[in-house]
Amino acid sequence: MTRPVTAELDLAALRNNLQVVRRVAAKSRVWSVVKADAYGHSLAHVWQAMSATDGFALLELEKAILLRDGGWKGPVLMLEGFFSADELPLFDQYRLTTSVHSNWQLKALAQARLRAPLDIYLKINSGMNRLGFPPGQAAAVYQQLRGMANVGQITLMAHFADADQPEGISDALVNIEQAARGLDLPRSLANSAATLWHPQTRHQWVRPGIILYGASPGGDWQDIAGSGLQPVMSLRSEIIGIQNLKPGDRVGYGSRFQADREMRIGIVAAGYADGYPRTAPDGTPVAVAGVTTGTVGMISMDMLAVDLTPCPQAGIGSPVELWGPQIKIDTVARAAGTIGYELMCARAPRVALVIKH
Ligand SMILES: *Cc1c(COP(=O)(O)O)cnc(C)c1O
């Protein structure tokens, strides 16, 4: 391997974060959410480090099959269920728990020929208006499901739009309670934010995603700084070029940055085609040889520039942390106008993985 950009995955941090979730939600079982290839961490490389979980939740059928073929025998929850009726034989073969959120899925389930009943997550629309049945229909949908030979255990499922926001969850809880009335069903409601900050939502199964990877659901690292959660992914590279600028010299596309003094800058082998956000402004934090400095100029496809003023000892080959334990992904994301989720998921295939066991 020649180009020095890598995504280092700290599996000890991943194990630690699952234990943090266990401590926080001690009475609940845990669906570890591993959609989007484990939030960009590569499911194939990380799932075994999470095998102390109670189940895996995701929505890509081929990745569910990867878990089964890899030897995972525990529950697998398909968060959006089947996308068409012809997937049901695979749900049956691989024993996948399926969310059911729409009437067409009820019909497909009723008509499928399965070897054994499937466990069902009855998805209620809590007010987010993405997927799910209206709360007022929950009882009728439950009765339909209960009458089907293809249906095993039924769990009530809902999702929160604002568990990390000041708005909170009270409106959603009204809808969920309306749906649950008269149905004595186990519940799975809580994403990461609700798991951490809304204890009353934990119930039988929590569904954390982002906190397992060591980033904040709300986008601010400070919100989880005292929780014991640790970043799992570090995006690393090296300095591959040096430029000495005079006052007035410019850097990068669009000449966005202009030096107002003599300064030394380093060119780092990482750009937006690696998953580093092009929207990062000048001064976005970067660590060079352990010293925090900032970007200068527009992020290119394959390179970005950093101010070496605070680290005069740095030179060609100096290690660069773009995010990781020192530079929190939440901080980079916030500077770039996005959230840690998007940056993790955007790790490009050309960024080699380095697994730290
Ligand atoms: C992605 C997802 C989660 C996990 O969300 P986080 O904010 O990453 O904890 C939980 N439930 C559902 C239905 C999801 O789609």
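The values are calculated or read from the model by the stated rules, or taken from the named source; none is laboratory data. Everything numeric in this text was worked out from a predicted model, so none of it was measured. Note that each Cβ is placed from the backbone with ideal geometry, even for glycine, and that neighbours are counted across all protein chains shown. Accessible surface areas use protein heavy atoms only, side chains included; no ligands, DNA or RNA. Shrake-Rupley method; radii C 1.70, N 1.55, O 1.52, S 1.80 Å.
Between the listed residues ALA108, GLY132, ILE120, the Cα displaced farthest toward the positive end of the dipole of the range 78-168, a dipole computed from Cβ unit charges relative to the Cα centre, is found at ALA108. Here the 3J(HN,Hα) profile of the range 307-323, calculated from phi with Karplus coefficients 6.51, -1.76 and 1.60 at θ = phi - 60°, is 6, 9, 3, x, 9, x, 6, 6, x, 3, x, 4, x, 10, 9, 8, 8 Hz, Gly and Pro shown as x.
Of the listed peptides 154-161, 193-200, what is their order by residue-averaged count of other C-beta atoms within 10 Å, with the highest listed first? Could you put the intermediate results ahead of the total?
Working: 154-161: 22.0, 193-200: 19.8.
Per-residue mean Cβ counts within 10 Å order the peptides as 154-161, 193-200.
What does the charge add up to near GLU238, with Lys and Arg as +1, Asp and Glu as -1, over the other residues with Cβ less than 11 Å from its Cβ? With Lys, Arg at +1 and Asp, Glu at -1, the net is +1.
Hey, what angle do you get for helix 170-180 against the long axis of the chain, alpha-carbon based, 0 to 90 degrees rounded to 10? Its long axis makes an angle of about 30 degrees. Annotation: amide H of PHE133 within the under-5 Å range of LYS123, ILE124, ASN125, sequence separation 5 or more or interchain, hydrogens built in the peptide plane. The calculated FRET efficiency for ALA346 paired with ARG3, based on their beta-carbon distance and R0 = 22 Å, is about 0.80. Modelled this way, with points 7 Å down the Cα-to-C-beta line, the labels at GLN153 and ASP184 are 1.6 nm from one another.
Taking the three principal axes of the alpha carbon atoms in the chain, the coordinate ranges are 77, 41, 37 Å, sorted in descending order.
Report the calculated FRET efficiency for ILE355 and ILE316 (r = Cβ-Cβ distance, R0 = 22 Å), to the nearest 0.05. If you can, show how the numbers build up before the last one.
Numbers: r = 27 Å, r/R0 = 1.22.
Efficiency computed from Cβ-Cβ geometry: 0.25.
Taking the 0 to 90 degree range and rounding to the nearest ten, how far is the long axis of helix 11-24 tilted relative to the main principal axis of the chain, both from C-alpha atoms? For helix 11-24, the angle is close to 50 degrees.
Ordering of 112-121, 291-300 by packing is 291-300, 112-121, highest average first (other Cβ atoms within 10 Å, averaged per residue). The distance between label points at ASP223 and ILE242 comes to 4.2 nm (points 7 Å beyond Cα on the Cα→Cβ vector).
Positive contributions from Lys and Arg (+1) and negative ones from Asp and Glu (-1), summed over other residues with Cβ under 9 Å from the Cβ of GLY219, come out at -3. If you sort LYS356, LYS107, LYS73, LYS328 by accessible surface, 1.4 Å probe, largest first, the order is LYS73, LYS107, LYS356, LYS328. Among the GluC sites (Glu not before Pro) found in the range 238-322, those both in a DSSP coil and sparsely packed, with 11 or fewer other Cβ atoms within 10 Å of their Cβ, are GLU262. What you get for the range 11-215, charging only the Cβ of Lys and Arg (+1) and of Asp and Glu (-1), is a dipole of about 580 debye around the Cα centre. Taking 20 Å as the cut-off, the amide N atoms of the range 341-357 that come nearer than this to a point 7 Å along the Cα-to-beta-carbon line of GLU62 belong to 345-353. Relative intensity of the range 233-326 on a log10 scale, I(q)/I(0) at q = 0.20 Å⁻¹, equals -0.89, per a Debye sum over C-alpha point scatterers of equal strength in the absence of solvent.
If you take the square roots of the eigenvalues of the alpha-carbon gyration tensor of the range 129-178 and sort them as a ≥ b ≥ c, do you get rounded (a/c under 1.5), prolate (a/b over b/c) or oblate? Write out the running numbers ahead of the final one.
Numbers: a/c = 3.15, a/b = 2.46, b/c = 1.28.
It is prolate, given that a/c is not under 1.5 and a/b is the larger ratio.
Treat every Asp and Glu Cβ in the chain as -1 and every Lys and Arg Cβ as +1, leave all other atoms uncharged, and give the resulting dipole magnitude about the Cα centre to the nearest 20 debye.
On the way: 33 positive and 31 negative charges, 160 e Å.
I would put it at about 760 debye.
Specify which residue in the list GLY214, HIS203, SER192 is farthest towards the positive end of the charge dipole of the range 177-232, using unit charges on the beta carbon of Lys, Arg (+1) and Asp, Glu (-1), about the Cα centre. Of the options given, the answer is HIS203.
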